[in-house]
């Protein structure tokens, strides 16, 4: 496409951004105008290869608006491509419109839901990893970033891992318009600061005038042919570009123009040709070869995992075994990520067996969650592991993954005070609450090796966000290998017709409940013990049937009471009196049993609570 055509189509795109936001009465027109030339040159200058009639084509280039508030520009680009009508464009931000305030999966050309700043580059890393190391396709991944979001730590987590994996198929574009939501950005127009940082992180960095098509297109040409390292294009732009009374003016962020101001703004743009349509260059037609089932690096004929009753196995270890066990059934969709603790989460068992499907993410949990999303969006099923406490760092990324319709399994090990001497910084005591709060999630808490294996299988088959909570200590196997653990269910592991107290628990405290059951039998006090391995969802009828006629209910958990198992049970057994034994004191270092006693969630505390209820 010729230079003058790019200028014309940029004017049309700006026209669409302004009219759509004024019609909506809200939005971010000035943030969209600053990047209009950058994006017009990318999409319609022959650098973005995409079959718009087949958005799921494997070799399509990917475009992520990490700067998600510039959604009017994103939608206007597709209007200029002839894939969104002007009528549809004017539904921006309206109820039930696919053109939401920030991009979501309701819009058919969105690669991921964005808008929580600082996340898009991580998503792009996941997509670039998929292209280079998994599907081995030549497509490029482009990420538009705002200069304000370059303050986010997750951006730099993504930057360093992209360089480490030599992702020369990843191209970032920073829209440096110098103005944030409330004034000047950290570096303003000192573009050399961005360049120095990107180069220090091992990137190729090009500084351009973001409104000079010759400079922009020259940078894209270099970016598409980069070798051995990712590329960042650092573009100096003007916020509100194209409208004189908006250009480089503070106070206009996130404000739509009035109808009167819109008339003035459109006059500044001049006459636009609404019949003009940009042409997208199609990707090379590549027939993907069917991937052969991957063989284990070693022990290719090793027997299936088998756990014996009363064998002591940590559920975190069983998680690693389960990953290897299920991989052949996943048809190469499976990929495993870990945050440099794989010798503790036992994801290293998978790494040793299938190294090509394992990616070390190092101590950067926010980026790890974002990378998992990028992989998931391209059809992979990531299994993501670290200590349960550290998922709190990545909660925003996990939360946003749900809005991207992600299919990811998260596994948090070292949960609760039962980890012992490492102390409170390492104790995941909020993780159940966090993952329960994710819309549509599954929260699974195995108590032994067999339930871990089966729940990993269930999570693999589950569509959406799943969380598996594993335990540091070894626990005895209480289930036979033939046992099934459907999501939503629970198990009565001890009990009979004479039970007067029902103990509901999961994980480490389930074993404490079993000990309490055995101790109280000597006193002719009969307890029913229920393994609530599926903390979310809970099948109301199954749980009520398991409780049966027992009148007294105690819930025990190695978690804070807020948002934990006790609250999950109360939500089902509305109106029933329930005693909650949970972590209610500020935890400290100590022996695991000392801490279980201290927090009153041990067998001794359970037995005392049962006696008191009776």
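The values are calculated or read from the model by the stated rules, or taken from the named source; none is laboratory data. Since the model is a prediction, treat every value here as computed from it, not as a measurement. Cβ sites come from the backbone with ideal geometry, for glycine too, and all protein chains shown count toward neighbours.
Here are some notes:
- Qualifying positions in the stretch 124-142 - free of Cβ contacts under 8 Å to residues at least 40 places away in the same chain and either under 21 Å from the mean Cα position of the chain (by Cα) or buried (at least 23 other Cβ atoms within 10 Å of the Cβ) (or both): 131, 132
- Counted residues, the stretch 550-592 - those being assigned to a loop (DSSP other than H, G, I, E, B) and closer than 26 Å to residue 424 by Cβ: 18
- Number of the condition not met by residue 65 [criteria: (1) on the phi > 0 side of the Ramachandran plot; (2) in contact with a helix residue (DSSP H, G or I) (Cβ under 8 Å, 6 or more places away or on another chain)]: (1)
- Qualifying residue in the stretch 66-84 (condition: in a loop (DSSP other than H, G, I, E, B), farther than 16 Å from residue 42 by Cβ, in contact with a strand residue (DSSP E or B) (Cβ under 8 Å, 6 or more places away or on another chain) and not assigned by TED's automatic domain parsing to the domain that holds residue 364): no
- In the stretch 333-364, residue surrounded by the most Cβ atoms within 10 Å (Cβ to Cβ) [restricted to those that are under 23 Å from residue 378 (Cβ atoms) and out of contact with any helix residue (DSSP H, G or I) (no Cβ under 8 Å at 6 or more places or on another chain)]: 333
- Set side by side, the residues 104, 114, 91 differ, and just one is crowded, with 21+ Cβ neighbours inside 10 Å and more than 26 Å from residue 357 (Cα to Cα), which is 114.
- Any chance residue 185 is surrounded by 18 or more Cβ atoms within 10 Å (Cβ to Cβ), closer than 24 Å to residue 366 by Cα, over 27 Å from the mean Cα position of the chain (by Cα) and in contact (Cβ under 8 Å) with a residue 12 or more places away in the chain: yes
- Residue within the stretch 424-444 that is in contact with a strand residue (DSSP E or B) (Cβ under 9 Å, 6 or more places away or on another chain), closer than 21 Å to residue 123 by Cβ, crowded, with 24+ Cβ neighbours inside 10 Å and at pLDDT 95 or above present: yes
- Looking only at residues of the stretch 188-208 that are in a loop (DSSP other than H, G, I, E, B) and touching a residue at least 12 places away in the same chain (Cβ under 8 Å), we find that the one that is farthest from the chain's Cα centre (by Cα) is 189.
- Scan of the stretch 483-529 for residues that are crowded, with 18+ Cβ neighbours inside 10 Å and part of a loop (DSSP other than H, G, I, E, B), ordered by number: 485, 487, 489, 490, 495, 499, 506, 507, 525, 526
- Inside the stretch 533-563, residues that are crowded, with 18+ Cβ neighbours inside 10 Å and touching a helix residue (DSSP H, G or I) at 6+ places or on another chain (Cβ under 6 Å) make up a count of 12.
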